[in-house]
Amino acid sequence: MKDFSLGISGFQFSDLYRPERLKDLHREFWRQAEHASPGIRDRFQKTSTPELKPPEESEILIETSKLLGDFLGRLFHVTTHAAKFKAQAEHLFPVYRFKREFLNVRVFPRLGEPAVPHAAFQDLDSRVKAVLRHEPAAPGEDPEAVFSRIVLFLYDCQKRAKKEGVSPVDSQRAQYFCSHIHGTSLVDKLTVVLKQFEDWCVQIYVDPERRKDIANWISYTRPHKLDFDHLVPVESLSADQPDVLVTPPALHRARVGFKLTDPRMTQKQVLRETDYCIYCHQREKDSCSKGFHDKTGYKKNPLGIELTGCPLDERISEMNWLKNKGLSLAALAMVMLDNPMCPGTGHRICNDCMKGCIFQKQEPVNIPQNETGVLTDVLNMPLGVEIYSLLTRFNPLNKKRPYALPFNGHNVLVVGMGPAGYTLAHYLANEGFGVIGIDGLKIEPLDGTITGQGRAYPKPIQNFSEIRKELDERVLGGFGGVSEYGITVRWDKNFLTLIHLTLARRQNVRIFGGVRFGGTIELQDAWDLGFDHVAIAAGAGKPTIVPMKNNLAKGTRKASDFLMSLQLTGAFKKSSLSNLQVRLPAVIIGGGLTAFDTATELLAYYPVLVEKV
């Protein structure tokens, strides 16, 4: 495998895995940043100091992250791909304004009206489409964005015509759009056309069948009020069984074997969420990051949960602002300033940020979806895995540790390779410690070619698809502890593979499975082997024992034990010969996350078991 030049002069791919060269890369970044924005380094040096207020600090970090995003784009030759994200984001700007100024004001208040007959709607639909045909969408252009742009143009023309007047060019274009209206002034024509668009927007929504035509329109998405007594929508199964509650059929999601059951939001939906955010960092109200405070400390929601915000103090509002502008590389760098292990957080993992969101009486911003969306934006670029990997070792936004240090001669044994263990291993490695991570359960070794074990540098991964597998085909790596075994198919465990690979590529990190501390290796053995410190990060792996009489009776099983056995043995795979037996009907005792996972996995696993038998 040959080395190759990067987009910044004087740097090769192999340099990214040499700590001494990361220092040179850091110096080069600031040289280029200073050239692009004179004085930026002096402004950056004032961050995290008492003389700078948090909103000012945020603005400096945003400015620096934009420069870092441009630098990474050049370094990895992905400037064109980054520009596509920016163009896609900017393409939706009219949609947000269309919702704020047209739908909110003129359409949403009318959504209680009845649907008109089919023939009347067809006539209205033909009139609206006749206007839209004057400016057809370009190939690949979003129809909602085109619709929004045309309505806003007509809306702006009407406002200007009533005041200072319309320019000749805009007047000609407006007359063109209104050509099917005869014998009135331009203002009157625009009023008629806009009323037709308003009526169409009402009628397309109030009829369930017609609404399917705008199913992927983000402008109609409205936050619902939060009722903490009814957070989950349910309805009675039937009048004869009022106590048997089910989710409304419209909210059902089909389960397809053991593939990923929640593929996350689309790019467009994530951008909608970033627009919904009001960027509270500008007023020091970013409770999603810092917690929702009152006079007594952290405020509690109606369920009695303290609104502490993100436990990592991730700069969420700043991330949302950058993502909304389509600056995905800058947004990821901002996330990784406080959360370098972000593949292990985000959607379906944590939501303390959502609980602390400034919107307390209505649906919060879906921050975990936004964070994971930012990460996948970058992973889906060419060399996206390498970009994420570099940001774990090199991030100039991190004033305390902008780049990883060389080996300092001291070794640490980290016991447990769950979220706590692998996060600790990352931080220790960046400080220059030699790290050995062990786990009592198996950890499948990764391909030595892509980890670079025994080589000067690893084989570059061009596309995330090279390491991504469908969950029902993926080898259960064991890395990630509770994230691997305790979480089922609602979360994409390919992110665990990404974290494992990122750590395994470090020259000062080694990871071993099947090594039980206190059994395979004792504390004295660690000292004898030359370790300077032992870090215990094995808290979540202890089996749950229910203090209940006859809790081990025949046919009774702990829910957590069932889930772990299902994942650990790979019993759900048709190729697996594991002997995990279940029978239906089954009763699940409990109503928490583990209970629901057990119910859904049991229903999905039973047909696989029957087919095997």
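The values are calculated or read from the model by the stated rules, or taken from the named source; none is laboratory data. Because the structure is a prediction, the values reported are computed rather than measured. Ideal geometry is used to build each Cβ from the backbone, glycine not excepted, and the neighbour counts take in all protein chains shown. For accessibility, only protein heavy atoms count, side chains too; no ligands or nucleic acids. Shrake-Rupley method; radii C 1.70, N 1.55, O 1.52, S 1.80 Å.
At-a-glance table
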| read-out | value |
| --- | --- |
| The chain: relative contact order in percent, alpha carbon pairs under 8 Å with at least 6 residues between | 13 |
| Length added when fully stretched, V105-V610, from 0.36 nm per residue minus Cα-Cα | 176.2 nm |
| Bridge type composition, the chain - antiparallel percent by DSSP, nearest 5 | 40 |
| Ellipsoid equivalent to the range 536-588 - semi-axes via the Cα gyration tensor, in Å | 21, 20, 8 |
| Overall form of the range 238-323 per C-alpha gyration tensor (a/c, 1.5; a/b vs b/c) | oblate |
| Mean projected area in nm² (Cα convex hull; one quarter of hull surface) for the range 364-422 | 6.5 |
| Whole-number accessible area per residue in Å² for the chain, which is evaluated in the context of all protein chains at 1.4 Å | 50 |
| Column: log10 I(q)/I(0), Debye, Cα scatterers of the range 32-179, q = 0.12, 0.14, 0.15 Å⁻¹ | -0.81, -0.92, -0.96 |
| Inter-centroid distance (Cα atoms) of the range 149-183 relative to the range 252-277, Å | 39 |
| FRET efficiency, 1/(1 + (r/R0)^6) with R0 30 Å, evaluated for Q581 and A254 via beta carbons | 0.70 |
| Volume of the Cα convex hull of the range 467-542, divided per residue and given in Å³ | 109 |
| Over the chain, volume per residue of the alpha carbon convex hull, in Å³ | 230 |
| 19 Å Cα-Cα reach of K325 towards lysines, excluding residues that sit fewer than 8 places from it in its own chain | K66, K84, K86, K99, K268 |
| Spatial extent of the range 130-275: Rg and Dmax, with the Cα atoms as the point set, Å | 21.8, 69 |
| The range 406-523 - Rg and Dmax from Cα coordinates, angstrom | 14.3, 42 |
| Size of electric dipole in the chain: Cβ of Lys, Arg +1 and of Asp, Glu -1, about Cα centre, debye, nearest 20 | 280 |
| Accessible-area composition of the chain, carbon plus sulfur, in percent [1.4 Å probe] | 56 |
| For the range 513-613, diffusion coefficient by Stokes-Einstein and Kirkwood Rh (Cα), 10 °C, 1.306 mPa s, µm²/s | 96 |
| The range 94-134 - Rg over Rh from alpha carbon coordinates, Kirkwood radius | 1.06 |
| Difference of contour (0.36 nm per residue) and Cα-Cα distance, H180 to D24 | 49.6 nm |
| Rounded FRET efficiency, nearest 0.05, which uses the C-beta distance separating D42 from H77 and R0 of 30 Å | 0.50 |
| Convex hull volume per residue in cubic angstrom - Cα atoms of the range 62-142 | 155 |
| Cα-derived Rg to Rh of the range 346-488, Kirkwood definition | 0.99 |
| Convex hull of the range 1-102 built on C-alpha atoms - directionally averaged projected area, nm² | 9.7 |
| Dimensions (Å) - the range 440-501, Cα atoms, principal axes, largest first | 36, 28, 16 |
| Relative contact order computed over the range 1-134 (Cα-Cα under 8 Å; 6+ residues apart), in percent | 18 |
